[in-house]
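Below: the structure, in structure tokens.
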Amino acid sequence: MQIKIIPNVNPESIIGVRTPELKTMAKEILKAGNYKDFLGALPHKYFEENQLHAFIISGIKDLNDCMEELEKFLPYVDNWATCDQMSPKIFKKHKEELFIHIKEWLSSEKTYTIRFGVGMLMEHFLDEDYDSKYPEMVAKLRSEEYYVNMMIAWYFATALAKQYESILPFIEEKRLDDWTHNKAIQKSVESRRITDEQKKYLKSLKV
């Protein structure tokens, strides 16, 4: 199943260890405190090693340590699953510092570094910390990469569900490229958080 949904990962690199088991391993490694050797052994050979790496980073409780290990790892992230399942818990308490790094990630040339940056904006800056400058940053991104554009579409679909009035002009004014624009509308229409009336209007804005 994993091989089918992560097409850009070499099937031979997938062992078949399930995500819950990897998360349990990550917790045990973090508890023991002996994770530095493993995190330093880059690049990894197996997909599951990258997943374990992402889960360990997600659980590091010191911000500087977490960010240092994350910056080392991001250039090696080569698939959407590892990218999207990496979400450091410590970021919730340090939004200002996180935003500084997000700006750097969005200007990266690496597909999954950009995707991670957009994902962090979506996760941490669409609720009480929302500001219209954030979707402005995402709308300016242009990429030939499917996995970047899909994340941009996902961002705007989620943003429409949470900040509809503020986000709608980005769709009305067609601020995204055509494919991403239509994909954002498609994902919005699939959402239960968008009203039927809103869905009807969004459908009329397809290009």
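For this structure, a couple of remarks:
- Criterion violated by A81 - all others in (1) small (G, A, S); (2) in a helix (DSSP H, G or I); (3) modelled with pLDDT of 95 or more satisfied: (3)
- Number of the exception - H101 against (1) assigned to a helix (DSSP H, G or I); (2) not assigned by TED's automatic domain parsing to the domain that holds T180; (3) not small (G, A, S): (2)
- Out of V77, V17, sole residue that is closer than 22 Å to E145 by Cα and of a type in the set (V, I, T): V77
- In segment 107-127, the residues that are in the same structural domain as F156 (by TED's automatic domain parsing) form Cβ pairs under 8 Å with partners that are in a helix (DSSP H, G or I) and small (G, A, S), at six or more places apart or across chains, as follows: S108/G117; M122/A159; L126/A159.
- In segment 1-74, counting only helices (runs of 4 or more DSSP H) that sit wholly within it, the ones holding 1 or more residues that are closer than 25 Å to K95 by Cβ span 19-32, 36-40, 47-59, 63-73.
- Answer residue from segment 11-30, given it is at pLDDT 95 or above and of a type in the set (K, R) and is surrounded by the most Cβ atoms within 10 Å (Cβ to Cβ) among those: K23
- Residue in segment 43-56 that is aromatic (F, W, Y) and more than 16 Å from the chain's Cα centre (by Cα) present: yes
The values are calculated or read from the model by the stated rules, or taken from the named source; none is laboratory data. Note that the structure is a prediction, hence the values are computed from the model and not measured. Don't worry about glycine lacking a Cβ; one is built from the backbone with ideal geometry, like all the others, and counts go over all protein chains shown.
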